[in-house]
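Asks: Before we start, here is the structure in question, set down as structure tokens.
Laboratory data are not the source of any read-out in this text; all were calculated from the coordinates shown. Model, not experiment: these values are computed from the prediction. Neighbour counts are summed over all protein chains in view; Cβ atoms, including those assigned to glycine, are modelled from backbone coordinates with ideal geometry.
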Amino acid sequence: MNEITKYEGRSSGGVSAFAIDPGTGKLTLLNEVPSGGAGPCHLAVDKTGEYLLVANYYAGNLAVFPILKDGRLGERTDFVQHKGASINPQRQEGPHAHSIYVSADNRFAISADLGLDEVFTYRFDAEKGTLAPGNPPSSKSTRRRAAALCLSSEREIWVCDQRVAVHRHRLFV
């Protein structure tokens, strides 16, 4: 991930795919693609290893890319733009997607947005590489930073908060 705000003259970051030499550990660049928004900050590979999900902090959006058989990244298959603002006009004038995770069963993607103080839940279609709003689509609170999937339940996640330790967010289908 290239955490930048301009990529090839566009308002976007970049995502790079590399091959790893198993003998030496040397990295070889396979390709780079625009991340879909400025400031990519978090990546997740789905459980099939066929899709890469990207959270773009400054742009406040998410993007999904197929991982091709040779390891290169393909053309973006989905894009979701978060909208709104929160209580601190200096830092939360708009969305700031801060993380993206895929559930162990590969059916959901969860994104914490610091700019909106929300955790978004999406249904993930692993055949098409697409995201659809979950039920509930989001959970509002303050200072959402990152989400971690709870090991005890496929329907529950724990969310790290900037000032309050953690919050529980329940997923429903």
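Asks: Taking region 100-113 on its own, how many of its residues are assigned to a loop (DSSP other than H, G, I, E, B) and not basic (Lys, Arg)?
Replies: Total meeting the criteria: 5.
Asks: Quick one: which of Thr5, Thr24 is under 20 Å from Asp113 (Cα atoms) and β-branched (Val, Ile, Thr)? Spell out the reasoning first.
Replies: Values: Thr24 fails: under 20 Å from Asp113 (Cα atoms).
None of the other options fit; the residue is Thr5.
Asks: Same structure, new question: Checking Lys128 against (1) part of a loop (DSSP other than H, G, I, E, B); (2) within 15 Å of Tyr57 (Cβ to Cβ), which test does it fail?
Replies: The single condition Lys128 does not satisfy is (2).
Asks: Scan region 7-39 for residues that are of a type in the set (Val, Ile, Thr) and under 23 Å from Leu62 (Cα atoms) and jot them down.
Replies: Scanning region 7-39 gives Val15, Val33.
Asks: Among the residues of region 5-57, write down those that are under 16 Å from the mean Cα position of the chain (by Cα) and β-branched (Val, Ile, Thr).
Replies: Here is the first cut: in region 5-57, the residues under 16 Å from the mean Cα position of the chain (by Cα) are 12-16, 33-47, 49-57.
Matches in region 5-57: Val15, Val33, Val45, Val54.
Asks: Taking region 1-47, which residues are without any contact (Cβ under 8 Å) to a residue 24 or more places away in the chain and either surrounded by 18 or more Cβ atoms within 10 Å (Cβ to Cβ) or at positive phi (or both)?
Replies: Passing the criteria: Gly9, Gly25.
Asks: While we're here: Are any residues in region 56-98 of a type in the set (A, V, I, L, M, F, W, C), without any contact (Cβ under 8 Å) to a residue 60 or more places away in the chain and under 15 Å from Pro34 (Cβ atoms), and if so, which ones?
Replies: Ala59, Ala63, Leu73, Phe79
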